Amino acid sequence: MRCKIIIEDTNKMMDSKMNIRIQELKKFEEIKVILETNCFYNINAPMNWSENTLWQSEAIFLSDSNGIVSLKNSPSKGGDYTGIRAMGLFESLKAVTIVNKKHISELKNLPLNDVVSFRISVLSNGKLLAKTTFNRFYKKYNINHYDILRDGWQGRLFYDEDKNKKPAIIVLSGSEGGIEKAQNIAMMLSNQGFVTLAISYFGMNNQKSSLDRIPLENLEEALKYLQKLTFVDSAKIGIYGRSKGAEYSLLFLTRYGGIKCAVLNSPSDRVYEGLRRKRNSKHSSWTYCGKEISYKPFKIKEFIINRLIKKSSIDDSGVMDIENVTCPLLLIASTKDEIWDSYSASINIMAKAKSYEKSIVLTTELGHMNTISYMPNPRYKRYKTDKIYDEAVLSWENTLSWFINHLKNI
């Protein structure tokens, strides 16, 4: 091999910035750098894409006068991104060979998907100069886990093996159901010194198969479960909800105490109609004390009109009792949310919530699917803009800071 690839990755976590340095090249030599993986659970990918899907990206660089290319300093002059972007190869990964998978409904059979294996190759004029492999991780090596099975909910708990008392976070994902996306968010949060509980509230064995009439009491039970753990500080428990999970979380905050702070990602300010597979359920998404909670029915005509005029209907159907929310609240919303109007919902939440501290992270290019830093996002592949990835980093860094400041630094 004619050049040397150096992986500069301090903590090897998937949400951390790293650098790839290529040295011992010729002066001002043009090279192509290719990043590949087919061992990658991408939280932004469709649910039926296997972690064995082949992802690939490439960029073209010119070495400097010392024969060095450093991705954090060297501009890409072509390929899947241009300019200087340290994590550009990771953010611009594309699924080139999609491998489909079946839904895993038994929690014990669901893999952690906590390790991602990458391959990197360097070529000049089509000739391979060097290649190497490296791993990055969703959770640190000392984070353990176990599964929890209850009548209405199922969970996967992540905790540091030293079992000292720590703050905790409940993690809820969206209308995809199951626990896959929630568990990867929970793992990333656990790296910051939290006990985290990823929850499936429908879609697994012995659960409701659809997002329809889910009891609010499930979250009450999960909160009580955490409060009883000897290695959890029961006075320092937060909640993270994304999309439909944000709706569920906010509704819980309107009726229950015990949550120290919350992050709601792409939230709704109202209860929407439930789903029965891909059709309207004609019922509420949620129940309380065995009764359906008032909801806003889904009307396709209204939905299309709202999308066209980019404005939500003004009616108050299904709006929650947001005035009851008192804990510190971080909202992440987009002016280009393609699912629902999380921006207007967040403005309403900010106006009504009695939280003593509340804030909004507003994105203007990235839409509804906003998760972890440095992840490729096939949902928005038509937009080749750095701002999408900058906003993902901003949102995630604010999420981490919010929980650290309100659960640890107090």
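The values are calculated or read from the model by the stated rules, or taken from the named source; none is laboratory data. All values derive from a computational prediction rather than experimental measurement. Glycine gets a Cβ as well: all are built from the backbone with ideal geometry, and neighbour counts include every protein chain shown. Remember, those area values only see protein heavy atoms, side chains included, never the ligands or the DNA or RNA. Shrake-Rupley method; radii C 1.70, N 1.55, O 1.52, S 1.80 Å.
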Per the list (1) at pLDDT below 95; (2) open to solvent by 70 Å² or more (accessible area, probe 1.4 Å), residue check on ASN324 breaks on (1)
Residues of the range 368-389 being in contact with a strand residue (DSSP E or B) (Cβ under 9 Å, 6 or more places away or on another chain) and not aliphatic (A, V, I, L, M), in sequence order, are HIS368, ASN370, THR371, PRO376, PRO378, LYS381, ASP386, LYS387
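Residues that are without any contact (Cβ under 8 Å) to a residue 60 or more places away in the chain: which strands (runs of 3 or more DSSP E) entirely in the range 128-232 hold 3 or more of them?
Details: elements: 143-149, 154-160, 166-172, 195-200.
Per the criteria, 143-149, 154-160, 195-200.
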For THR371, the lone unmet condition from (1) in a helix (DSSP H, G or I); (2) modelled with pLDDT under 95; (3) crowded, with 20+ Cβ neighbours inside 10 Å is (1)
So, TYR383, is that one hydroxyl-bearing (Ser, Thr, Tyr), more than 27 Å from GLY88 (Cβ to Cβ), open to solvent by 50 Å² or more (accessible area, probe 1.4 Å) and modelled with pLDDT under 95 or not?
no
Counting only residues that are among the small types (Gly, Ala, Ser), surrounded by fewer than 16 Cβ atoms within 10 Å (Cβ to Cβ) and either modelled with pLDDT of 65 or more or assigned to a strand (DSSP E or B) (or both), the range 301-321 contains a total of 1
Per the filter on the range 329-368, residues surrounded by fewer than 20 Cβ atoms within 10 Å (Cβ to Cβ), more than 18 Å from LYS244 (Cβ to Cβ) and not charged (D, E, K, R) are THR335, ILE347, MET350, ALA351, SER355, TYR356, SER359, ILE360, LEU362, THR364
TRP49 meets each of (1) under 21 Å from ARG119 (Cβ atoms); (2) in contact (Cβ under 8 Å) with a residue 60 or more places away in the chain with one exception, condition (2)
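Need a quick list: strands (runs of 3 or more DSSP E) entirely within the range 241-300 having at least 1 residues that are surrounded by 24 or more Cβ atoms within 10 Å (Cβ to Cβ) and of a type in the set (Gly, Ala, Ser).
Answer list for the range 241-300: 261-265, 273-276.
So which of LEU129, LEU123 ends up being more than 22 Å from MET13 (Cβ to Cβ), over 22 Å from the mean Cα position of the chain (by Cα) and surrounded by fewer than 19 Cβ atoms within 10 Å (Cβ to Cβ)?
Details: LEU129 fails: surrounded by fewer than 19 Cβ atoms within 10 Å (Cβ to Cβ).
Unique residue meeting the criteria: LEU123.
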Those strands (runs of 3 or more DSSP E) completely within the range 8-106 that have 3 or more residues that are β-branched (Val, Ile, Thr) and in contact with a Leu (Cβ under 8 Å, 6 or more places away or on another chain) are 30-37
Flagged in the range 103-124 as modelled with pLDDT of 95 or more and either among the polar types (S, T, N, Q) or within 30 Å of GLN23 (Cβ to Cβ) (or both), in numbering order, are ASN109, ASN113, VAL115, VAL116, SER117, PHE118, ARG119, ILE120, SER121, VAL122, LEU123, SER124
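Being of a type in the set (Ser, Thr, Tyr) and crowded, with 18+ Cβ neighbours inside 10 Å is the filter here; which residues of the range 27-79 pass it? I'd like the intermediate steps shown before the answer.
Looking only at the range 27-79, we keep the residues that are of a type in the set (Ser, Thr, Tyr), and these are 37, 41, 50, 53, 57, 63, 65, 70, 74, 76.
Within the range 27-79, THR37, TYR41, THR53, SER57, SER63, SER70, SER74, SER76 qualify.
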Scanning the range 155-189 residue by residue, those in contact with an Asp or Glu (Cβ under 7 Å, 6 or more places away or on another chain) and open to solvent by 10 Å² or more (accessible area, probe 1.4 Å) turn out to be LYS165, LYS166, PRO167
In the range 391-410, residues that are modelled with pLDDT under 95 and in a helix (DSSP H, G or I) total 1
Exception for THR97 within (1) among the hydroxyl-bearing types (Ser, Thr, Tyr); (2) open to solvent by 50 Å² or more (accessible area, probe 1.4 Å); (3) in contact with a helix residue (DSSP H, G or I) (Cβ under 8 Å, 6 or more places away or on another chain) falls at (3)
